[in-house]
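Here's the structure, in C-alpha cells; my notes come after.
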Amino acid sequence: MEVCWQIQRPASLRPGFQEKGRVKINTFSVGFFPRSISSIASLESQYKSNGFLHQITASADFSRKKQGRMAASGPKSSGPRGFGRRTTVGSAQKRTQKKNGEKDSNATSTATNEVSGISKLPAAKVDVQKQSSVVLDERNVLDRSDIEDGSDRLDKKTTDDDDLLEQKLKLERENLRRKEIETLAAENLARGDRMFVYPVIVKPDEDIEVFLNRNLSTLNNEPDVLIMGAFNEWRWKSFTRRLEKTWIHEDWLSCLLHIPKEAYKMDFVFFNGQSVYDNNDSKDFCVEIKGGMDKVDFENFLLEEKLREQEKLAKEEAERERQKEEKRRIEAQKAAIEADRAQAKAETQKRRELLQPAIKKAVVSAENVWYIEPSDFKAEDTVKLYYNKTSGPLANSKELWLHGGFNNWVDGLSIVVKLVDAELKDVDPKSGNDDPKSGNWWFAEVVVPGGALVIDWVFADGPPKGAVMYDNNSYQDFHALVPRKIPEELYWLEEEDMIFKKLQEEKRLKEEVTRAKMEKTARLKAKTKERTLKKFLLSQKDVVYTEPLEIQAGNPVTVFYNPANTVLNGKPEVWFRGSFNRWTHRLGPLPPQKMEAADDGSSHVKTTAKVPLDAYMMDFVFSEKEDGGIFDNKNGLDYHLPVVGGFSKEPPLHIVHIAVEMAPIAKVGGLGDVVTSLSRAVQELNHNVDIIFPKYDCLKHNFVKDLQFNRSYHWGGTEIKVWHGKVEGLSVYFLDPQNGLFQRGCIYGCADDAGRFGFFCHAALEFLLQGGFHPDILHCHDWSSAPVSWLFKDHYTHYGLIKTRIVFTIHNLEFGANAIGKAMTFADKATTVSPTYAKEVAGNSVISPHLYKFHGIINGIDPDIWDPYNDNFIPVPYTSENVVEGKRAAKEELQNRLGLKSADFPVVGIITRLTHQKGIHLIKHAIWRTLERNGQVVLLGSAPDPRIQNEFVNLANQLHSSHGDRARLVLTYDEPLSHLIYAGADFILVPSIFEPCGLTQLIAMRYGAVPVVRKTGGLFDTVFDVDHDKERAQAQVLEPNGFSFDGADAPGVDYALNRAISAWYDGREWFNSLCKTVMEQDWSWNRPALEYLELYHSARK
C-alpha cells in the first residue's frame, strides 16, 4: 500500500492582521511580530509633503496570496517554469560549482539575502494616488509658479519613494517566507521528518520548494544530492534536479519545482546521481496536490491526449493515403491516356483504310449523271450539286432528295437536302439546237463538311425514313473528290487528335456518372445504417432506452428502464449495475446505483452515469437489491448499447464459418446466401472473418478471385490440399481432399453425403489446428456442418483451440434432425433464422432441452446484390424517390420480354422452389384468383420432384393457351429474370406452409414490391399487415408493409390477395406510397449482424 509523506503546517503558524493609518497589510505571525510591520506602517509620514496627501494601498491580501508569493523566488529564465536556476548572492554556490566541476542549468538554490530573486513572486501592487483636493496652509499660500515647480520636484521624489517602498515590501515578504520555512524546518526536524515542501498546501500550476535534511537521510555522506520524480504515480512529466544548500542550519538542502496543472500527486526519491538512494524506505516520497485534477480527471486528460495523438496520426495516415491514391490516380490517368492515344491511332488507321477505296472511286463528275459547280472547291464551301433525273431509277419520282456524308460516311448521314429543278436545256451536239429530251437536271445547294476529303451521297425519292426508291450508283454510292482538300497526312493527324479528345470526353463523362452513382449509393447505405441503428435502439424503448439516444463518449447519459415489462415487475427497488467495453473497462464496474422514478409519470425508472472517453460500449443489468437478488440480464445476454465519439474501438473478433454452401460459388438454397451475407456484414463492422469450404469440382470459379495454392496437410489417410481465394470480398479456404469426396459434380445428392460432410468438418478443424489458427468463434450451419460442434469438443478443445466457442445455426429443422440435436448439445450458443420460427420449433425434442441458449435472429439480404439503383438486369435504376417511374419501366420490360399484354394491370409475381413447403396448392389457387381479378401473374421456379414439375408444365400449357396475354409460368431458374420480376411486379406472393425465415419477401420490399404472405416463421416477423398489424409494427419502430393471412387454404389466400388487388385498383396514390414505404425499410444484415455479434460475445463469457 502506498504511503505518502505527511506534510504538516507548523503549530505556531497563525493568521495575523494589522491596520495603521492608510496602509493595510495582511500577513502571518510566526512566533513573534516582525519588526518590518511597524516599519512599513511608519512609511505613511514620508508621503506627506507640499500640501498633498498621498494614499498608499497594498492591493495583495498576504494571508490569501502567501503561497503564491512564497512559491517562486528565482528569476525568470528560458527554461521550463519553476526549473530555472537561481542566482545566489555569496560565494557558497560558486565554491560548490568549482568543487563539482560542472554547471547544472536545471539545478536550483535558495536565495539567502538577494532581492532580485524575489521578483519572480507576485508583488504587492502599491498605488499612490493624488487626492482631487489640495490642502492649503492658511498661513502660506503659494503662487502658481511655485506650485508647478514644487510639483516637478514632487513627481521625482514620488517615483524614488515608490521604488524604495517596493524594495522594502519585497524584503519584508522574503523575510516572512524565510521565517516560515525556518519554522517548518525546525518542527520537521523535531519530529524526525527529513523532508518537507513549501508552501505546505501544494496546488497545480504553482512553484514549490522541496527541502531535505541530509543529516537524517541515507545520503548524509554524499556530496551531491538530486531529486528524481514524476507526477501522478510516475506517469506524467518526469524530472531530475540538483539540491543546493540553504541558509537554514542543520544541513537543509532544497530545490525549486513547478507543479504541472494536470498533477494530482507528486512522486519522487532522492539520490546521489549514481546508485545511492533515499526512497522513503522503498515507499517513495509523495505529495498530494490539492485543488486540481483528481485521478479520474487525469485519466480522461490522458485519454484526450491520446485521442489528439490518434487524430494526428490518422490525419497523417489519411494524407499519406491521399498522396498514394493521387499517385495511383495520376499513374492510372497516364495509362488511360496512353490507351486512348493507342485506340485513337488504331481507329484512325482503320478509317484511313476504309476511306482509300472511296478515294479511288471518287471523281469530280460523272458524264450526264452529276457534276458540281464550281468545280474547284474546298471544305466548308457552298456548292451546287447537279443531278440528271433521267440518268437513273428516279426518272419518274416527283421529288428528289440527296442523302449524304463525307469521308466514306465517317459520321453517318450528315447531309440531307431536297433538290429543285434546274430548268437547264441540253444542246444537241450535231445540230447545235436545244434538245429538251436529252436530260432533266436538278440541283441542291450543299455545304461541304469541314475536313472532307471525299463527299459521299445517294439520291432518293423522299427524305430519310420516307424514301422508297434510291439511286445509289448500283450499290457503289456516289463519291466526289474535294479538289482543294487539306494535305492528307495533316488531315489524319487532326482526325487522330479529334478521336482522342472524343475518347477522353466520353471517359470523363462516364467516370462522372459512375462516381456520382457510387457517392449516392454510399450516402444511401450510410443513411440506411444510421436509420436502422436508431430504430434498433428505439425498438427496446418498452424496456430500456437512453437520453441522448446516441450515447456519446465523455458525456453523461441517462438510462431509462421499465421494470413492468421484465422479471423485476413489482419490485420496490431497482438497482442499476453497469460498466463499459463489455465489462472490461480499466476503471472497473460502476458502483450500484438505485434508480429513481422518471419525471414523465411513466413506469420507467432512471439513473445517470458518466461515459468515459475510451468507451465503445455501455454494458448494464438491473437487480432488485443493491447486493443482487433477482437480475434482469436480458436472458443471459446483458444489455449492451454502442457508444460513439470515443477513441477506443472494439477489438475485432475472429469468426470462422464452416459451411458447405456459399453464394454465388455453390448455392442450393438460402443457406448459401446467409453464409456470404452475414460474413460480409460482420466484416464491415471491422471484425475478421474466414470461411472454410469444400473445393467442389462444380464450383463457379469465375466468382473466385486470386485463387492460389496455400498449403497441404495429411489427415484421415489422405492428402488435403488447401487453396485460398476471395469470394465477394471474403477470405475463403478451400479444402481439396485427394480421396475424391468432392469430385462428384454436385453438392448434395450422393448416398454418402453424411460421411462426406463429416469428413470435411473434421478436416476443417484439423486445418485450423495445424495452421495455428485461434478463432474466437466457430460458426457451423445445419446438419451438414453440425459435426463441427461435437468433434471440436471431443478432440480439439484442449489442443490449442482453448478460447474458441461454438455457435450453431439451424436453417431448416426438416433435414438432419439427429445431427442438429447432437449439435445443440455441444454448441455454446444456438440460433435459428427468425424469432417466430424459434418459437415454432421450441417444442421439438431436439430443441426443448436447450432453450436457455437458443435464440431466433432474423436473416437479412445483401443490399449490394439486391439493389434496384445499381441493378444491370432492370431497365431504369431507381430508389424510393422515383419508385413509381422505375417500377413502371420494369413492368413494361417484363411484359415485353414474356409476351404479356402491355397494359396497366396489377402484376402478381411468384418466385419460389415448387415444393409442398412453399404451399403449391395455394400458389395454383392464387394464379386463378389473380386472373379472375383482371390481373397478370408471372411465376418463376422449378420443382425438384418430377411429378410436381410435370403438374406445373401442364398448368403452364393450359394458362398460356387460355390467358396467354396475362399469365406466364417460367419453370426454370433464371437469375436476371428474377430481378426483373421483383422490379416489375406490384405484389410478390409467398404462401408458405412453414418458412423458417424466407428471403423472397425481403428482396421484394427492397424493390418496392408489396409482399402477400402467410403468417408463419420469418414471414410473420417481417411482414406487418396494413389493416391488422399497426401496433405490432410500431413496437418494432416500423410501418405496416404488406398483406397477410392465417389459414393454409383458399379462403385465406383470397382474403389477403383480394385486399391487395383492390387497394391497387381503388387507391393508386396510397398504394404508391406503400411501395415507397417498403423500399425504405432496411431488411439488410445491418441489424441482424449486430444481434449476431451480441451472441458471439455472449458465447465467449
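The values are calculated or read from the model by the stated rules, or taken from the named source; none is laboratory data. Keep in mind it's a predicted model, so treat the numbers as computed, not measured. Cβ sites come from the backbone with ideal geometry, for glycine too, and all protein chains shown count toward neighbours. Keep in mind that these areas ignore ligands, DNA and RNA; they rest on the heavy atoms of the full protein, side chains included. Shrake-Rupley method; radii C 1.70, N 1.55, O 1.52, S 1.80 Å.
Within the range 697-732, being closer than 28 Å to Val682 by Cα and touching a residue at least 40 places away in the same chain (Cβ under 8 Å) holds for Cys698, Arg711, Val722, Val727, Glu728, Gly729, Leu730, Ser731, Val732. Restricting the first member to the range 871-899 and to residues that are under 23 Å from Gly935 (Cα atoms) and assigned to a helix (DSSP H, G or I), and the second to residues that are open to solvent by 20 Å² or more (accessible area, probe 1.4 Å) and of a type in the set (Ser, Thr, Tyr), the beta-carbon pairs closer than 7 Å and six or more apart or on different chains are Glu892/Ser902; Gln895/Ser902; Asn896/Ser902. For the range 772-790, a residue qualifies if it is in contact (Cβ under 8 Å) with a residue 60 or more places away in the chain, out of contact with any His (no Cβ under 7 Å at 6 or more places or on another chain), over 20 Å from Pro652 (Cα atoms) and not polar (S, T, N, Q), and exactly one does: Val788. Among the residues making up the range 619-633, a single one is in a loop (DSSP other than H, G, I, E, B) and touching a residue at least 40 places away in the same chain (Cβ under 8 Å): Glu626. For the range 1055-1076, the tally of residues that are over 18 Å from Leu1019 (Cβ atoms) and either open to solvent by 30 Å² or more (accessible area, probe 1.4 Å) or without any contact (Cβ under 8 Å) to a residue 60 or more places away in the chain (or both) stands at 12. Residues that are among the aliphatic types (A, V, I, L, M) and in the same structural domain as Ile923 (by the TED database) number at least 3 in the following strands (runs of 3 or more DSSP E) confined to the range 986-1101: 987-990, 1010-1014. Answer yes if at least one residue in the range 216-233 is of a type in the set (Gly, Ala, Ser), modelled with pLDDT under 95 and closer than 30 Å to Leu590 by Cα, and no otherwise. So far as the range 216-233 goes, no, none of its residues is of a type in the set (Gly, Ala, Ser), modelled with pLDDT under 95 and closer than 30 Å to Leu590 by Cα.
Annotation: of all residues in the range 585-609 being open to solvent by less than 40 Å² (accessible area, probe 1.4 Å) and in a loop (DSSP other than H, G, I, E, B), the one that is nearest to Ala553 (Cα to Cα) is His585. Residue under question is Val722, and the condition is that it be within 24 Å of Ile865 (Cβ to Cβ) and either open to solvent by 60 Å² or more (accessible area, probe 1.4 Å) or of a type in the set (Val, Ile, Thr) (or both); does it hold? No; evaluated as a whole, the condition is false for this residue. Residues in the range 681-716 that are among the hydrophobic types (A, V, I, L, M, F, W, C), open to solvent by 20 Å² or more (accessible area, probe 1.4 Å) and in a strand (DSSP E or B): Leu707, Phe709, Trp715. The listed residues are Lys839, Lys829, and the only one of them that is surrounded by fewer than 22 Cβ atoms within 10 Å (Cβ to Cβ) and among the basic types (Lys, Arg) turns out to be Lys839.
Output the residue which, of all residues in the range 340-358 that are of a type outside the set (D, E, K, R) and crowded, with 16+ Cβ neighbours inside 10 Å, is modelled with the lowest pLDDT. Checked the range 340-358; the qualifying residue modelled with the lowest pLDDT is Ala358. Taking the criterion of being over 19 Å from Leu243 (Cβ atoms) and free of Cβ contacts under 8 Å to residues at least 60 places away in the same chain, the only residue of the range 192-216 that qualifies is Gly192. Restrict the check to the range 911-927 and report whether at least one residue is in contact (Cβ under 8 Å) with a residue 12 or more places away in the chain, farther than 24 Å from Leu1002 by Cβ and of a type in the set (S, T, N, Q). Checked against the condition, which is being in contact (Cβ under 8 Å) with a residue 12 or more places away in the chain, farther than 24 Å from Leu1002 by Cβ and of a type in the set (S, T, N, Q), the range 911-927 yields no hits at all. Among the residues of the range 793-818, those identified as part of a loop (DSSP other than H, G, I, E, B), among the hydrophobic types (A, V, I, L, M, F, W, C) and closer than 30 Å to Ser834 by Cβ are Leu813, Phe815.
Residues in the range 905-914 include at least one that is touching a Phe, Trp or Tyr at 6+ places or on another chain (Cβ under 7 Å), part of a loop (DSSP other than H, G, I, E, B) and modelled with pLDDT of 95 or more. Within the range 412-422, one or more residues are under 60 Å from the mean Cα position of the chain (by Cα), among the hydroxyl-bearing types (Ser, Thr, Tyr) and surrounded by fewer than 18 Cβ atoms within 10 Å (Cβ to Cβ). Scanning the range 657-680 for residues that are in contact with a strand residue (DSSP E or B) (Cβ under 7 Å, 6 or more places away or on another chain) and buried (at least 24 other Cβ atoms within 10 Å of the Cβ) yields a total of 9. For the range 847-855, state whether one or more residues are buried (at least 20 other Cβ atoms within 10 Å of the Cβ), of a type in the set (S, T, N, Q) and more than 32 Å from the chain's Cα centre (by Cα). No, the range 847-855 contains no residue that is buried (at least 20 other Cβ atoms within 10 Å of the Cβ), of a type in the set (S, T, N, Q) and more than 32 Å from the chain's Cα centre (by Cα). Residues that are in contact with a Lys or Arg (Cβ under 9 Å, 6 or more places away or on another chain) and open to solvent by 70 Å² or more (accessible area, probe 1.4 Å) within the range 222-237 comprise just one, Pro223. Is it true that Leu707 is within 30 Å of Leu813 (Cβ to Cβ) and not hydroxyl-bearing (Ser, Thr, Tyr)? No, not satisfied. The single residue among Ser789, Ser731, Ser784 that is assigned by the TED database to the domain that holds Ile658 and in contact with a Gly (Cβ under 8 Å, 6 or more places away or on another chain) turns out to be Ser784.
If only residues of the range 1024-1051 that are open to solvent by 10 Å² or more (accessible area, probe 1.4 Å) and small (Gly, Ala, Ser) are counted, the one that is nearest to Pro835 (Cα to Cα) is Ala1035. Here Lys634 meets each of (1) more than 30 Å from Glu304 (Cβ to Cβ); (2) surrounded by fewer than 17 Cβ atoms within 10 Å (Cβ to Cβ); (3) of a type outside the set (A, V, I, L, M, F, W, C); (4) modelled with pLDDT under 95 with one exception, condition (2).
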